[in-house]
1. Pulled fully out, how much extra length does the chain show between residue 181 and residue 263, if you take 0.36 nm times their separation in residues and subtract their Cα-Cα distance?
2. Compute the length gained on full extension between residue 35 and residue 254: take 0.36 nm times their separation in residues and subtract their Cα-Cα distance, giving the result in nm to one decimal.
3. Using a 1.4 Å probe over the heavy atoms of the protein chains, calculate the carbon and sulfur portion of the accessible area of region 235-280 as a whole percent.
4. Using the Karplus equation 6.51 cos²θ - 1.76 cosθ + 1.60 (θ = phi - 60°), what ³J(HN,Hα) coupling, rounded to whole Hz, does each residue of region 246-253 give in order, writing x for Gly and Pro?
5. If you roll a 1.4 angstrom probe over the protein chains with everything in place, what fraction of the accessible area of region 39-159 belongs to carbon and sulfur, to the nearest %?
6. For the pair residue 64/residue 234, report the inter-label distance in nm, with labels modelled 7 Å from Cα in the Cβ direction.
7. Using the heavy atoms of the protein chains and a 1.4 angstrom probe, tell me the accessible area per residue for region 213-276 in square angstrom.
8. Mind putting a number on the dipole of region 135-274 about its Cα centre? Charges go on the C-beta only, +1 for Lys and Arg and -1 for Asp and Glu, and I need it in Debye to the nearest 20.
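The values are calculated or read from the model by the stated rules, or taken from the named source; none is laboratory data. Remember, predicted model here, so these are calculated numbers, not experimental data. Cβ placement follows ideal geometry from the backbone for every residue including glycine, while neighbour counts extend to all protein chains displayed. When the accessible area is computed, the model is the full protein with side chains, heavy atoms only, and any ligands, DNA or RNA have been set aside. Shrake-Rupley method; radii C 1.70, N 1.55, O 1.52, S 1.80 Å.
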Amino acid sequence: MKDTARTRNLARMGIPPEARGAVWACAIGNHLKLDEESFERLAIHSAMVHQKHSNGAALSKAEAVHITNAEVIDADLPRTFGSLHLFDESGGCNSDLRKVLVAMDLLLPDVGYVQGMSYFAAMLSLYMEPLTAFIALSNLVDRHFFRALFLMDIDQIWRYLKIFDALLESNNREVAAHFAQLGLTSDLYMIDWLFTLYSKTTPLPVAGRIWDYFLVMGEVALFDVALRLLRYFKPQLSGASFEESLRVLNTIPAELQPDTLFSSAFAVKIPKRVHDLFQQELRSHEAALQSVRDDTEPHSGRAAPSGHLQ
């Protein structure tokens, strides 16, 4: 989508909730060329692996990893948007969300399930049917930006944080100086925010608006949001200790409204060259990933796990 002032303003205004599923799915795309057949094959394969495990049969290393990841998923689901009780065993969405996550775990075994992904899947599932949520989640996790996060690519994460640190210094010198004095580095709050795309730490209406903005504007919007939050928190952070500052950053008030966060009062400046450099880097990595995919089996309609879990 073309990056213009009008596009940014429309993204900040938010997408109507009833349209989010369709708009988000379109914005994420389907470069993995997934479909209903691939989703069902992955679900069946997961059930077969679990049956082998229940029968006490020997598992391959990859199958054992899948069983372990499925157990982590089962532990994470009740904690995901816990106050809604949608994804615990008493809720109506538990089995659908579990199916989405175990299928993604099999599809992308080099990444697999990582704690925090349940919030990705849950946000998508609030607005999409399971198949669409699976396709969107898998394509989102497969982006270089999120691969770097979930695989804990320290060098790449450090490069992202250096960009953010420079933006913080130029947009909010007082907070940047205060954090420097405290020794409070951006990894102590940014990684947690990014790992769940702000879904765990912000009120649900705010998280939805952040996702609108991110999916329209791209990954650099996530830095924009962080800078806005730090502007919002500036009065509480002024003079706060290290521990108090972390508590502020990890306790975003329920009364925060989307229109407040995205108002002009908390606007930030991100130079166009930063947008361009960010997108250029992402495109180069995506091209490298695509070349690897082209040299291996195609994703479209594949029974992917049979190749990975032998």
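1. Contour length minus Cα-Cα distance gives 26.6 nm.
2. This chain segment gains 75.1 nm when fully extended.
3. Taking all protein chains in place, region 235-280 shows 54 percent carbon and sulfur surface.
4. Using θ = phi - 60°, the values come out as 4, 5, 4, 5, 9, 10, 6, x Hz.
5. 56 percent
6. Placing both labels 7 Å beyond Cα along the Cβ direction yields 5.4 nm.
7. 45 Å²
8. It works out to roughly 340 debye.
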